[in-house]
Structure formats: structure tokens, C-alpha cells
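The values are calculated or read from the model by the stated rules, or taken from the named source; none is laboratory data. Model, not experiment: these values are computed from the prediction. Reconstructed Cβ throughout: ideal geometry from the backbone, glycine too, with neighbour counts over all protein chains shown.
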Amino acid sequence: MLELKNAGKRYSSRWLFQNLNLQVPTGEFISILGPSGCGKSTLLRILAELDTLTEGQLTQPATTTPGFVFQESCLLPWLTVSENVAIGISTKNLTPSEKSDQIEKILKTVKLKESAFLFPHQLSGGMKMRVSIARALINNKSILFLDEPFAALDDFIRFELQEELLEYWKQHKMTVFFVTHSVTESVFLSQKLWLFPQGDQHQFQELDLRKTATNVRMYRQSPEYFKLVTEISDRLRGKA
Amino acid sequence: MKQFLPTFILVVVMTAFVEILNSMGSWDAQLIPPASTILGTIIENKDSFFSAFWDTLKLSAQSLLLSFALGFTLAIVFSLNDWVKRAVFPLAIFFQTVPIIAIAPLLVIYLGYGPQTILASAVFVSIFPILANTLVGLDTINKNLLELFKVYKRSPLQTLIYLKIPGSYHFIFSGLKISSGLAVIGVVAGEFVAGGGLGSLIDTSRTQQRIDLVFAALIGLAFIGLWQIMLLNVINSLITRWRPFKL
């Protein structure tokens, strides 16, 4: 279990959040939602241990293998797709054949098996993001941090990647922290929401979505989805 | 090669123009000798000229390699240790501002006459662009990529080898290209005081008022500079064809 105790983060005199007490059981899909500049990416970076808390404490599970996806695909241009994905392998003592098996398997999952030997400049934006996701997923990661990974993609690719990510999470049940400013994206993907409502960032809210639908593709058309989107939009605007 | 065509045409036209004016008696060949005279001088003094040309070419290439090895290594040390960087880098900037022609006589006193002084002079001049450019490259790697390596628990050495050095490729290569021209200048400055090569040929020709030999030596130096740049461009295109380095 990951735990935040009395957590607070301050930049100069401004507190982004304070007195956060959160417990995250393994295998949850949590979206961190809020307007630009509210501190959601900072919170994600703290959880990934790329930044530190001003006050309070973060406790990570004893053994974590994290994966991280940025808004940009962040691929190394001089490496092929396979080599870029291999960066995500954090387990030591793997034989070359074990490594290549893992790479092949994950590239198949993200539908890039045929592009294994291409360089990033030969890929489309969607394909680059798939490589970035594959790099984060490879090696059976126990915890995944995603910082607005689909924000720069068009709707068609975004929906496709959202569905694939959700399917993958349902199969592997790793803990996911997904930063987004899109209400629809957060409702579609997550089981739980961490909200930073507009205007009053200290009023952090945690919401359990308690979704009942099982069909990923049809969920966007369901009344439950629309109801949740409306409710969360109202909460973000401070109306609820 | 197409990009050099206008320059080539301009040089051919200017050379032909000077030749025509010279044949009409309207050109002072004592001040700027025409190409035919320079070519004749080179053929006439081919043994001494090509020996000097070879010496300068060899020392220029050697000093460029040495500058690369030293500049690159120093940049790596600086990037790994901020204290060393803050202690030494300002001194490197200070020495960069001292003209080599003022330092060269000191080098002769310390190292004596010979290639070692010329090499030292050329390295002194040409090391800085490689050092400075490599440092800029190593220090300006995309923050997200650095964090990515941190998330995947890569050591500082792994981050240096697999991210920072390849990510600095274009900066390093730009520094190398600037240094290749400076290496020729440093070699000539060294040869002026330590003897040998085209620098010494220019110096002795000057005292004998042999303008034609001075021009022959200048053309030789231009060829050395061009050859080095062309060789670096070929190496660069081979490397970037193998791996598309850019960040």
C-alpha cells in the first residue's frame, strides 16, 4: 500500500496542497484531476519520488517497479523502438534472450511488433506514445505514473489508447496514477478520482466512482458515464 | 556538392580575371601574384613546400585529436563534479582570452623548439570550443529524459553513457568543427616561434619578400582547413546515417 501522511507541498509562499492523508491499495486506477497549475503533476512527481514533500510523509510499498509516461513521448531519437522500450527494463540479471522476449511481448501488446527496428523520427505521434507506454509497461511494472500522456493526441488515437490502457490494467492490475485535466478521460479510465477543484486548491477531494459497467467500449455511451461527467464537472467548478 | 558551385564559379572567375589583367600588364604581381605564378612557385619548390605542408597537416590533425580527447574528458569530469567545474572552468575561459601569439614564446621556453611546442600551441587554442560545447550539451539534456532515467534507477554513469553523451552529439560535433579551424591557426602560431611547417615557410618567405611563397603557403593552409572540415562532415554523415542523433 502507498500512503501519504499529512502531506503538503509549497512553492515559495504558495501551498499547492496541505494535510493530504491518502492510502492507495495495490491495483487501483486513480486519476488526478484539476485545472492547469493546481499541482496535480507535482503530486504525481512526488509519488514517483521525482520531487519531495515540503511537509508530511510518503510511504511506498516495500518493492516497487515504477513506470512513467510523460505528456511528450520522450523517446531517444538515436535508439530504435526496441532499444527505447528496453530502457524500461529495471530488473537486473536478465539474459539477452529474456530481454528480447519481454520487448517482443510488450511491442505485440501495443501493436508495434512490426516497427521494432524503426527510429522515432519514422513514427507517427500515436506510435511514439505507444512506444512510451510500452517502455513504462515492460517488465511487469507494479506502479504506473502517467502525466497527461494523451493530451497531445487527436481524439481517435486518444480513445484507442485509453481503451487499450484500460484493458491492460484490467488484466494486470498494477497501481496507476493518471494525471489529466479532462473530466471525460478521468471518468472513463479510473476507479477513483483525486480532485483539485478550481479556485480553492486546499479543498482536495477523493471520490470513489463505483462504476458498474463492464464493457469498456460501450461505457462512453452509458448514462452512468454522462452522469459522472456532469457531477465531477460541477465539483471541479465548485458547484457541488 | 551543389551548394559549393557558386563559390567555385566565383573563384574561377576571379582567378581568370587576375590572369587576364596580369597578361595585359595591368596587375601588380608583386603584391598579389596570379594563380599561374603561385602554381609555378609550388612546382619549383615542391620538395620543401610539400614537406612543410605535410608537417602542418600532420600536426593540425594530431592537435585536433588531442584537443578532442582532452576537451571531451575535461567536460565529462566537469559534468560529474560541479566543484571541479566551478574551480577550473573560469580559468579555461580566462586562458581562452589570452592571444596565442603572446603565449607561444613562453611555450618555446618551457618545451623547446619542435613539434611538442607546436602541438601545445594548437591544443591551447582549439580545446576550448570542444570543452565548452560538450559541457553545454551535457548540461542541456531534456529534463524529462533525465527524470526518466531516474525513475528507471539508472546510475549517474549509465545516464552519462546512454543519455548525456549521445544527447550531446551535435554540440560536441559543432565544437569539433570550430576547433578544426582553430587547430590550423594554433599550429601556424606555434610554427612561427618553434619552426617548421607552413608557418615557418611564411615567416622566412616574409623576410625574403617572397610574396608568391607566402601565397602558396596560405593556399596550403586553406587546403588543410578545408580537408579537415570535409573529413569531419563525412564522418558526421556516416555517424548520423547509422544513428539519428538529435534531441
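Observations on the model:
- Matching entry among B:Gln228, B:Gln209 (being more than 14 Å from chain A (Cβ to nearest Cβ) and not in a helix (DSSP H, G or I)): B:Gln209
- Leading residue by the ranking (farthest from B:Thr240 (Cα to Cα)) among those in region B:147-157 that are more than 10 Å from chain A (Cβ to nearest Cβ) and assigned to a helix (DSSP H, G or I): B:Pro156
- Evaluation of A:Lys105 against the conditions (1) away from chain B (no Cβ under 14 Å); (2) at pLDDT 95 or above shows that the sole unmet condition is (2).
- Residue within region B:80-92 that is away from chain A (no Cβ under 14 Å), under 30 Å from B:Gly199 (Cα atoms) and surrounded by fewer than 20 Cβ atoms within 10 Å (Cβ to Cβ) present: yes
- Filtered residues of region B:36-65 (kept if aliphatic (A, V, I, L, M) and under 13 Å from B:Ala217 (Cα atoms)): B:Ile38, B:Leu39, B:Ile42, B:Ile43, B:Ala52, B:Leu57
- Any hit, region A:25-42, residues being assigned to a loop (DSSP other than H, G, I, E, B), at pLDDT 90 or above, under 17 Å from the mean Cα position of the chain (by Cα) and under 24 Å from B:Lys143 (Cα atoms): no
- Condition met for A:Leu79 (crowded, with 21+ Cβ neighbours inside 10 Å, out of contact with any Asp or Glu (no Cβ under 9 Å at 6 or more places or on another chain), within 14 Å of chain B (Cβ to nearest Cβ) and among the hydrophobic types (A, V, I, L, M, F, W, C)): no
- Of residues in region A:34-61 being more than 17 Å from A:Trp194 (Cα to Cα) and touching a Ser or Thr at 6+ places or on another chain (Cβ under 8 Å), the one nearest to the other protein chains (Cβ to nearest Cβ): A:Asp51
- Qualifying positions in region A:66-84 - among the aliphatic types (A, V, I, L, M) and under 17 Å from the mean Cα position of the chain (by Cα): A:Val69
- Among strands (runs of 3 or more DSSP E) entirely within region A:167-217, having at least 2 residues that are under 18 Å from A:Phe150 (Cα atoms) singles out A:175-180.
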